[in-house]
1. Rounded to the nearest 0.05, what FRET efficiency do Arg43 and His341 give with R0 = 35 Å and r taken as the Cβ-Cβ distance? Could you check?
2. For Asp230 and Gln55, compute 0.36 nm times the residue count separating them, minus their Cα-Cα distance, and round to one decimal in nm.
3. Could you work out what % of the accessible surface of region 239-314 is carbon and sulfur, using a 1.4 angstrom probe and leaving DNA, RNA and ligands out of the count?
4. Can you compute the helix-only [θ] at 222 nm over the chain? Use -39500 (n - 2.57) per DSSP H run of at least 4 residues, normalise by all residues, nearest 500 deg cm²/dmol.
5. Could you tell me the center-to-center distance, by alpha carbons, between region 52-87 and region 290-366 in angstrom?
6. Given a Förster distance of 51 angstrom, what is the FRET efficiency for Arg68 paired with His197, based on the Cβ-Cβ distance and rounded to 0.05?
7. Which whole-number percentage describes the relative contact order of region 160-296, with Cα contacts under 8 Å and a sequence gap of 6 or more?
8. Report, for the chain, the % of DSSP beta bridges that are antiparallel, rounded to 5.
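The values are calculated or read from the model by the stated rules, or taken from the named source; none is laboratory data. It should be emphasised that the depicted structure is a prediction, and the values quoted were computed from it without experimental measurement. FYI the Cβ positions are ideal-geometry reconstructions off the backbone, even for glycines, and counts take in every protein chain you see. For accessibility, only protein heavy atoms count, side chains too; no ligands or nucleic acids. Shrake-Rupley method; radii C 1.70, N 1.55, O 1.52, S 1.80 Å.
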Amino acid sequence: MKSVPESLQPAAVSSTEREFEIAVLPGDGIGPEVCAEAVRLLRVLQPAMGGASFQFIEQPVGVEEYLRHGDPLPPAAFEACRRADAVLLGAMGLPSVRWPDGRELTPQIDLRERLDLYCGLRPVRLYHTNDSPLKNFHAGDLDLLLVRENTEGLFSTRHHGHSVNADRVCDLMTITRRGTERIARAAFREARKRRGHVTLVDKANVMPSMVFFRQVFNDVAKEFPDVQADHVYVDAASLFLIKDPRRFDVLLTENLFGDILSDLIAALVGGMGMAPSADIGDECAVFQPSHGTAPDIAGKGIANPTAMILSAAMMLEWLGHPGTVSAAQRLRRAVERVYAHPAHRTADLGGRLTTKELTDKVIEQL
Ligand code: ATP
């Protein structure tokens with residue numbers, strides 16, 4: 001297993017010949033449908049990747065595993081993820097299948113916590129003016145990165161059950177100095193690769209945990225004098241993201257605020273089918289679309305594979321081999337060219353293409 005240096009990017013690989021082990025977790029709902037398309041694309045890219053190649057190791061996870069063996073993330077699958085160079089994940093869980101206490105299965109969150117994938121990267125980019133609900137935004141005008149702390153925040157007591165007869169149930173907002181320092185540094189480093197601006201999204205006017213979050217963020221900001229740092233309350237951020245999203249570059253949030261705002265920013269560029277994500281730690285990384293299993297459209301072959309394809313591009317870049325980095329650029333440019341044509345859309349964006357047909361268009365552009 002690789003050890004990842006500070007920048008959250010693996011060191012450049014010296015040898016050009018390199019086989020990467022990729023754990024593939026298709027999961028539930030539309031997960032397997034979009035995951036298959038990403039693997040198909042990676043196989044197409046492979047011969048022109050300057051000596052880099054993939055060994056895909058598929059692992060059954062999710063609802064079926066839970067119903068069969070009582071564990072949606074079996075030990076063998078977890079071990080394969082820990083060992084692999086990277087993990088490609090579709091989506092997991094279904095609203096109709098729950099733990100005895102009523103919570104949904106969320107093995108993707110377990111995976112983040114157990115592999116300490118503290119840094120959630122959720123970029124959005126507008127490819128065509130038609131796809132945004134906002135007026136007068138054109139391709140490239142909307143280009144944001146949400147950095148979400150993945151291991152603490154308001155999700156930190158999610159395993160604490162509650163008694164059926166409880167009169168009071170509390171969720172705890174946990175913010176630690178270590179957790180905040182490492183995610184803040186990650187956000188500042190990402191900003192250096194972009195427009196050099198980080199906005200902390202918090203609720204420091206009300207919650208003591210958020211006052212602390214801001215204080216630690218301000219301390220870390222001093223290490224990055226070349227990056228502009230500011231703050232906005234989460235309620236105001238929701239308004240500004242609709243009225244004036246150009247004021248932002250990198251947004252940094254705790255876990256739950258990030259969960260909510262990443263859906264909001266996905267909507268600005270066409271919806272969940274357009275929003276990729278990466279969950280990165282110091283030793284492992286998981287790449288999956290920001291969306292869930294979309295049971296309403298599962299099995300119909302109409303899911304938009306773009307979020308998954310762009311997540312695969314994030315993986316190619318993160319692997320850090322010269323061949324995979326240039327394949328990531330080619331893949332992003334191909335997606336851009338597909339979306340330049342307004343008819344090249346799946347149903348979620350008002351088009352008629354199936355999941356496979358949209359991927360075929362990307363392959364044509366490659
Ligand atoms: P989770 O809580 O697991 O993140 P969610 O409740 O936010 O999931 P999603 O599964 O992301 O829900 O679906 C939200 C809506 O977006 C649904 O109407 C779904 O059909 C749509 N959607 C999500 N992903 C896609 C996709 N790839 N293509 C087309 N529509 C999608």
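1. Details: r = 25 Å, r/R0 = 0.70.
For Arg43 and His341, the calculated efficiency is 0.90.
2. Details: separation 175, 0.36 × 175 = 63.00 nm, distance 4.30 nm.
Difference between extended and current length: 58.7 nm.
3. Numbers: 1250 of 2150 Å².
The computed percentage sits at 58.
4. Numbers: 11 runs with 137 residues, N = 366.
Helix contribution divided over all residues of the chain: -11500 deg cm²/dmol.
5. Here the two parts' Cα centres lie 23 Å apart.
6. Working: r = 48 Å, r/R0 = 0.94.
That pair, Arg68 with His197, gives E of 0.60.
7. On the way: 145 pairs, mean separation 29.0, N = 137.
Computed over region 160-296, the figure is 21 percent.
8. Values: 17 of 45 bridges.
Given both bridge residues lie in the chain, the antiparallel proportion sits at roughly 40 percent.
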